[in-house]
Amino acid sequence: MKVKIVHIAKELKNHAPFTAFGAATGVAIMLVIVFFNVPGKISYTAFYILHPAHIILSALTTTAMYRLHNHSRLWVIILIGYTGSIGIATLSDALIPYAGMHLLGIKIPFSIPFMEELWITPLAFVGIAIGYLLPTTKFPHAGHVLLSTWASLFYITQHKTVIQGWMLFFIFLFLFLSVWLPCCISDIVYPLLFFKNKEKEHLSKKY
């Protein structure tokens, strides 16, 4: 258990810089949206493009990570890929941004996208299939981080909230946390929980 915790901490530390970069791009996009008064409908459309894409990449990366290091039964791989994508993507793209904005005193509607748009759920199985047949993790994880950051951003801006300058640091922090913990948990930590000790020894060489 101690080895597992140390390895998880190492992975979180290694992925923090790129996640911070992603959060910074999110704040930059938000400034553009506010400055040019971009309609909320555009952010809404962007969210429902990026959030489903996030789910596909999350399922792909989680499945690929487990597939590369473990040869379990197909139903186990499907279960890990599904639970590691739908739930965590919802937490990252909707629930944490919702909670963050409420902490800033900005009330935005609460929603669970995959329950409101039933076509989203099957996309997880698309990602699982790709991750199973073509297991790769480096590019999908990088893409996963950026997609999650931007999906979280557009979840906020689709509601045409009033953003003040002092809020930008906290929004950066919320974007960082909404991606760093959930995405690393989904792509790395979650499948890592099912690895044997000898499989963890080679994991750091892959990332």
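The values are calculated or read from the model by the stated rules, or taken from the named source; none is laboratory data. Worth saying up front: this structure is predicted, and the values here are computed from it rather than measured. Neighbour counts run over all protein chains shown; Cβ positions are idealised from the backbone, glycine included.
Before moving on, here are some points about what is shown:
- Residues (without any contact (Cβ under 8 Å) to a residue 40 or more places away in the chain, outside any helix (DSSP H, G or I) and under 30 Å from TRP166 (Cα atoms)) located in region 48-106: GLY105
- Qualifying position, being within 13 Å of the chain's Cα centre (by Cα) and among the hydrophobic types (A, V, I, L, M, F, W, C), among LEU146, LEU133: LEU146
- Failed item, numbered, when LEU146 is tested on (1) part of a helix (DSSP H, G or I); (2) of a type outside the set (Gly, Ala, Ser); (3) touching a His at 6+ places or on another chain (Cβ under 9 Å): (3)
- Matching residues in region 54-80 - criterion: being of a type in the set (Ser, Thr, Tyr) and under 21 Å from PRO182 (Cα atoms): SER58, THR61, THR62, THR63, TYR66
- Criterion (in contact (Cβ under 8 Å) with a residue 60 or more places away in the chain and farther than 22 Å from GLY26 by Cβ) met by exactly one of ALA129, ALA151, ALA142, ALA124: ALA124
- Residue match in region 76-84 (condition: under 20 Å from TYR190 (Cα atoms), modelled with pLDDT under 90, over 21 Å from the mean Cα position of the chain (by Cα) and not polar (S, T, N, Q)): yes
- Extreme residue, modelled with the highest pLDDT, among residues of region 12-44 that are of a type in the set (S, T, N, Q) and over 20 Å from PHE170 (Cβ atoms): ASN37
- Condition check for TYR132: over 15 Å from ILE96 (Cβ atoms), modelled with pLDDT of 80 or more and either out of contact with any His (no Cβ under 8 Å at 6 or more places or on another chain) or surrounded by 18 or more Cβ atoms within 10 Å (Cβ to Cβ) (or both): yes
- For VAL162, the conditions (1) surrounded by fewer than 22 Cβ atoms within 10 Å (Cβ to Cβ); (2) assigned to a helix (DSSP H, G or I) all hold with the exception of (2).
- Residues (among the basic types (Lys, Arg) and surrounded by fewer than 21 Cβ atoms within 10 Å (Cβ to Cβ)) located in region 61-116: ARG73, LYS107
- Selection status of MET65, of a type outside the set (Gly, Ala, Ser) and touching a helix residue (DSSP H, G or I) at 6+ places or on another chain (Cβ under 7 Å): yes
- If you go through region 14-53 and keep only what is buried (at least 19 other Cβ atoms within 10 Å of the Cβ), under 19 Å from LEU177 (Cα atoms) and not hydrophobic (A, V, I, L, M, F, W, C), you end up with HIS15, THR19, GLY22, GLY26, HIS51.
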